[in-house]
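The values are calculated or read from the model by the stated rules, or taken from the named source; none is laboratory data. Because the structure is a prediction, the values reported are computed rather than measured. Cβ sites come from the backbone with ideal geometry, for glycine too, and all protein chains shown count toward neighbours. Remember, those area values only see protein heavy atoms, side chains included, never the ligands or the DNA or RNA. Shrake-Rupley method; radii C 1.70, N 1.55, O 1.52, S 1.80 Å.
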Amino acid sequence: MNNFRHPGKTLNFVAPAAGVVSGQPQLRGTILHIPGKSAKEGEAYPGTIEGVFNLPCAANTAWEASATPLYWDAANKRVTTSANGNALIGVAAADKPAAANSGDVKLLPQVGVKPAAA
């Protein structure tokens, strides 16, 4: 197979005006990614688009592993179970009690999926 390039779990991105910090989630279009390194405006950096990450989330919401779809709340920079105006990013990778302020998320690139209407 002459046209295979790489598995595609990491893509290259260019940092926006505010730059990016390694490990802090970034939503680019419909794809949430985790920067592999910090970068200043205009610098290239690798962003992981698949895998399981422990991410900040909305409080007072429990998750059930493999059954709860998860969304990115761009305004508050956290994961939520609310589809309203948020981009679908993956599924719960582990149960999360309502009191927890972070949870394990299996990122699933949602190419072409627009955020649900608010």
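Distances between placed amide hydrogens fall under 5 Å for GLN110 paired with LEU32, all partners being 5 or more residues away or on another chain. Modelled this way, with points 7 Å down the Cα-to-C-beta line, the labels at GLU64 and ALA18 are 3.4 nm from one another. Per residue, the solvent-accessible area of the chain (1.4 Å probe, heavy atoms of protein chains only, all protein chains present) comes to 57 Å². Using the average count of surrounding beta-carbon atoms within 10 Å as a protection proxy, the listed peptides 43-50, 68-75 rank, highest first, as 68-75, 43-50.
Highest average first, the peptides 79-87, 5-13, 59-67, 34-42 ordered by how many other beta carbon atoms sit within 10 Å of their residues are 79-87, 34-42, 59-67, 5-13.
Around the amide H of GLY51, modelled in the peptide plane, lie the amide H atoms of LEU107, all under 5 Å away and 5 or more residues distant in sequence or on another chain. Non-local amide H neighbours of GLY19 (under 5 Å, H modeled in plane, Pro and chain starts lacking H): which ones? The answer is GLU41.
Using Cα pairs closer than 8 Å and at least 6 residues apart in sequence, work out the relative contact order for the chain, in percent.
Details: 294 pairs, mean separation 28.7, N = 118.
About 24 percent, as a whole number.
Maximal additional length on extending the SER38-ASN101 stretch stands at 20.3 nm, based on 0.36 nm per residue less the C-alpha distance.
Across region 3-19, computed HN-Hα scalar couplings (Karplus, 6.51 cos²θ - 1.76 cosθ + 1.60, θ = phi - 60°) run 9, 6, 9, 5, x, x, 7, 10, 10, 8, 10, 10, 5, x, 3, 7, x Hz from first to last residue, x flagging Gly and Pro. For the chain, the residue among PRO97, LEU27, ALA74 whose Cα projects farthest onto the positive side of the dipole built from Cβ charges is LEU27. With R₀ fixed at 25 Å, the C-beta to C-beta distance from LEU11 to ASN76 puts the FRET efficiency at about 0.50.
May I ask you to give the percent of accessible area on region 1-99 that is carbon plus sulfur, with a probe radius of 1.4 Å? Reported share for carbon and sulfur atoms: 50 percent. Its Cα centre serving as origin, the chain has a Cβ charge dipole (Lys and Arg +1, Asp and Glu -1) of approximately 220 debye.
Extending 7 Å from the Cα toward the beta-carbon at both ASN84 and ARG28 defines two label points whose distance is 3.1 nm. The phi-based Karplus calculation (6.51 cos²θ - 1.76 cosθ + 1.60; θ = phi - 60°) puts the 3J(HN,Hα) values of region 76-90 at 9, 6, 7, 7, 9, 9, 8, 7, 4, x, 10, 8, 5, 10, x Hz, whole numbers, x for Gly and Pro. Counting Lys and Arg as +1 and Asp and Glu as -1 over every other residue whose Cβ lies under 15 Å from the Cβ of THR10, the net charge comes to +3. Residue-wise, which Karplus ³J(HN,Hα) couplings in Hz belong to region 38-43, taking 6.51 cos²θ - 1.76 cosθ + 1.60, θ = phi - 60°, and x for glycine or proline? These are the phi-based 3J(HN,Hα) values: 6, 8, 8, 3, x, 7 Hz. Quick one, which of (1) 11, 29, 29, 18, 9, 3, 0; (2) 14, 43, 32, 10, 1, 0; (3) 9, 20, 31, 24, 11, 3, 2, 0 is the actual P(r) over Cα pairs in 10 Å bins from 0, in percent calculated for this model? Given (1) 11, 29, 29, 18, 9, 3, 0; (2) 14, 43, 32, 10, 1, 0; (3) 9, 20, 31, 24, 11, 3, 2, 0, the structure-derived one carries the label (2).
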